[in-house]
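The values are calculated or read from the model by the stated rules, or taken from the named source; none is laboratory data. On a predicted model such as this, the values are computed, not experimentally measured, just so you know. Quick reminder, even Gly has a Cβ in these numbers, built from the backbone with ideal geometry, and neighbours come from all protein chains shown. With ligands, DNA and RNA removed, areas are computed over all heavy atoms of the protein, side chains included. Shrake-Rupley method; radii C 1.70, N 1.55, O 1.52, S 1.80 Å.
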Amino acid sequence: MNSQFPDKPHTAASDPALRRRFLARLAASIAGSSLLSGLPWMAPLRAQPVGDAPSDRVRLGMIGTGSRGKLLLQHLLNTPGVEVTALCDDYPPHLTAALALAGGKPKAFTDYRKLLDMPDLDGVLISTPLHEHAPMCLHALAADKHVFCEKSLALTVDECKAISRAASTSKRVFQVGHQRLFSASFLHAHEIVRSGRIGPITQIRASWHRNNDWRRQVPTPGLERKLNWRLYRASSAGLMAELASHHLQIANWYLDAAPLSCVGYGSINHWKDQREVYDNVNVLFRYRDGVTFIYDSLTSNRHHGMEIQILGSRGTIEGESGKMYSEQPPPAPGIKTAIDRVERASMETIPIGGPSWQADSKSDALGQALRRDLGGDDGTLLSMAAFANAIRLDQPIPQMIDHAYRSGIAALMGQAAMDQGGEIAWPGDYK
């Protein structure tokens with residue numbers, strides 16, 4: 001493999017000292033890679049690892065400490081140079097659990113606006129229900145804080161535009177939780193696409209299949225919409241925002257474009273429990289040059305799992321499983337010898353009257369493994385480190401807002417196409 005990807009760094013451990021050494025090796029690898037050094041969101045990871053001086057500390061607050069928030073918190077607590085100084089959640093059990101995880105050191109808030117008033121706070125991470133993203137992001141940027149917001153960007157097109165405008169005019173770092181931007185396998189896949197090894201992309205297909213209803217048990221009926229916010233339209237854009245936005249971000253990145261339009265169908269055909277969001281979705285996005293992105297997701301069967309396939313005339317990439325398949329893989333030596341013998345005897349009689357076609361079957365090639373060695377996770381670890389380093393450098397990361405806007409808007413387009421039963425056009429840029 002003629003890859004420009006850096007040599008394999010050691011897997012980062014939870015020990016901050018080990019993680020500091022890992023980040024130092026990673027910084028050297030990125031600096032020596034023409035691929036990674038050319039991606040602007042990797043630039044903060046090229047910075048020299050921090051020490052323990054107070055001037056190196058980045059002080060962060062966490063708004064939203066549910067399941068995803070606690071995962072981000074675990075990474076932050078082990079990120080060198082980061083001090084988690086405040087936690088906020090208006091649901092006491094979540095806040096109590098997060099405080100315990102952080103050793104009881106951060107200040108606790110139930111109102112995020114009071115957290116934003118802390119004068120020594122550098123930035124915030126927002127991991128709340130989708131309908132709360134816009135007000136929290138806008139308030140945090142107005143308070144001159146750096147912002148990391150979980151995907152998808154916002155619940156409405158107007159909110160996506162408002163956040164993107166505010167972030168693009170701010171001097172502060174703004175980042176959205178699309179961890180595949182920092183995933184070794186997806187970075188390697190992007191290199192392969194850019195090199196032309198699979199040929200021009202002609203189609204992208206993605207699916208995310210689960211057998212899970214998303215429903216959580218609630219202690220009292222009054223907490224139903226608060227804890228099961230993903231099931232209701234006032235707080236959620238369903239499968240398109242929660243799952244499809246990840247693969248839409250990949251499609252937009254690899255095609256270097258936003259979709260022109262989309263059509264789709266969705267329904268609630270399995271979970272008859274008064275939910276308002278679809279439990280299965282099927283959407284087709286149209287890009288320039290006739291390229292399409294086909295996406296489907298359901299919550300009643302997990303057999304096919306999660307995958308995104310990048311298809312070109314010369315090969316296929318499966319990003320989640322981390323494999324590349326060639327349309328014409330080189331034959332094994334023994335097979336090649338047999339082929340040569342057949343070719344040398346090509347003047348033999350050809351039988352007439354046989355079948356005029358053969359069914360095309362799926363390739364049984366084993367494929368070539370993509371790299372999976374940047375920190376040993378799905379990219380979340382490095383996205384936290386990049387956010388902290390960008391704050392330390394006081395340098396916003398170019399293109400981050402565009403990635404957030406394109407994926408957030410595309411997810412909402414898919415939702416609208418299913419609701420309205422027609423083709424939905426790209427609503428324009430935020431600028």
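With the requirement that a residue be touching a strand residue (DSSP E or B) at 6+ places or on another chain (Cβ under 8 Å) and at positive phi, what does segment 221-260 give you?
Residue satisfying the conditions is G238 alone.
For segment 192-211, does any single residue satisfy the condition of being of a type outside the set (A, V, I, L, M, F, W, C), open to solvent by less than 30 Å² (accessible area, probe 1.4 Å) and either farther than 24 Å from Y254 by Cβ or assigned to a helix (DSSP H, G or I) (or both)?
Looking for residues that are of a type outside the set (A, V, I, L, M, F, W, C), open to solvent by less than 30 Å² (accessible area, probe 1.4 Å) and either farther than 24 Å from Y254 by Cβ or assigned to a helix (DSSP H, G or I) (or both), one finds none in segment 192-211, hence no.
Does S34 fit the bill of being touching a residue at least 12 places away in the same chain (Cβ under 8 Å) and either open to solvent by less than 40 Å² (accessible area, probe 1.4 Å) or of a type in the set (K, R) (or both)?
The answer is no for S34.
Among the candidates V218, V263, V277, V283, which residue alone is under 20 Å from L130 (Cβ atoms), touching a strand residue (DSSP E or B) at 6+ places or on another chain (Cβ under 7 Å) and among the β-branched types (V, I, T)?
None of the others qualify; the one that does is V283.
Take V124 and tell me if it is of a type in the set (V, I, T) and either open to solvent by 10 Å² or more (accessible area, probe 1.4 Å) or closer than 28 Å to T220 by Cβ (or both).
In short, no.
Hey, can you tell me all the residues within segment 127-158 that are under 19 Å from G69 (Cα atoms), open to solvent by 10 Å² or more (accessible area, probe 1.4 Å) and among the polar types (S, T, N, Q)?
Listed by number, the residues that qualify are S127, T128.
Name the pairs: first residue in segment 405-421 and touching a residue at least 60 places away in the same chain (Cβ under 8 Å), second residue open to solvent by 20 Å² or more (accessible area, probe 1.4 Å) and among the acidic types (D, E), Cβ to Cβ under 7 Å, at least 6 apart or on different chains?
A417/E423
Against the condition part of a loop (DSSP other than H, G, I, E, B) and either surrounded by 18 or more Cβ atoms within 10 Å (Cβ to Cβ) or among the basic types (K, R) (or both), how does P119 come out, does it pass?
Criteria not met by P119.
Could we say that T85 is farther than 26 Å from R215 by Cα, part of a strand (DSSP E or B) and polar (S, T, N, Q) here?
Considered against the rule, which asks whether it is farther than 26 Å from R215 by Cα, part of a strand (DSSP E or B) and polar (S, T, N, Q), T85 comes out as yes.
Which members of segment 17-29 meet the condition of being within 23 Å of R57 (Cα to Cα) and either among the aliphatic types (A, V, I, L, M) or open to solvent by less than 40 Å² (accessible area, probe 1.4 Å) (or both)?
Of everything in segment 17-29, those that are within 23 Å of R57 (Cα to Cα) and either among the aliphatic types (A, V, I, L, M) or open to solvent by less than 40 Å² (accessible area, probe 1.4 Å) (or both) turn out to be A17, L18, R19, F22, L23, A24, L26, A27, A28.
Okay, residues lined up against (1) in a loop (DSSP other than H, G, I, E, B); (2) over 27 Å from I294 (Cα atoms):
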position: A140; (1), (2): no, yes
position: A162; (1), (2): no, yes
position: H188; (1), (2): no, no
position: A234; (1), (2): yes, no
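Give the residue that is nearest to F22 (Cα to Cα), with candidates limited to residues of segment 39-66 that are modelled with pLDDT of 95 or more and open to solvent by 10 Å² or more (accessible area, probe 1.4 Å).
Applying the filter and picking the extreme gives R59.
The rows are residues; the columns are (1) at pLDDT 95 or above; (2) out of contact with any strand residue (DSSP E or B) (no Cβ under 7 Å at 6 or more places or on another chain); (3) open to solvent by less than 10 Å² (accessible area, probe 1.4 Å).
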position: C160; (1), (2), (3): yes, yes, yes
position: R165; (1), (2), (3): yes, yes, no
position: R172; (1), (2), (3): yes, no, no
position: L181; (1), (2), (3): yes, yes, yes
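Table: residues versus (1) without any contact (Cβ under 8 Å) to a residue 40 or more places away in the chain; (2) within 28 Å of R406 (Cβ to Cβ).
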position	(1), (2)
T79	no, yes
K105	yes, no
L115	no, no
P119	yes, no
L125	no, yes
C160	no, yes
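Rundown of residues vs (1) open to solvent by less than 30 Å² (accessible area, probe 1.4 Å); (2) under 16 Å from the mean Cα position of the chain (by Cα); (3) not aromatic (F, W, Y), yes/no style:
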{"residue": "L243", "(1), (2), (3)": "yes, yes, yes"}
{"residue": "L248", "(1), (2), (3)": "yes, yes, yes"}
{"residue": "N252", "(1), (2), (3)": "yes, yes, yes"}
{"residue": "V263", "(1), (2), (3)": "no, no, yes"}
{"residue": "Q274", "(1), (2), (3)": "no, no, yes"}
{"residue": "V281", "(1), (2), (3)": "yes, no, yes"}
{"residue": "Y287", "(1), (2), (3)": "yes, no, no"}
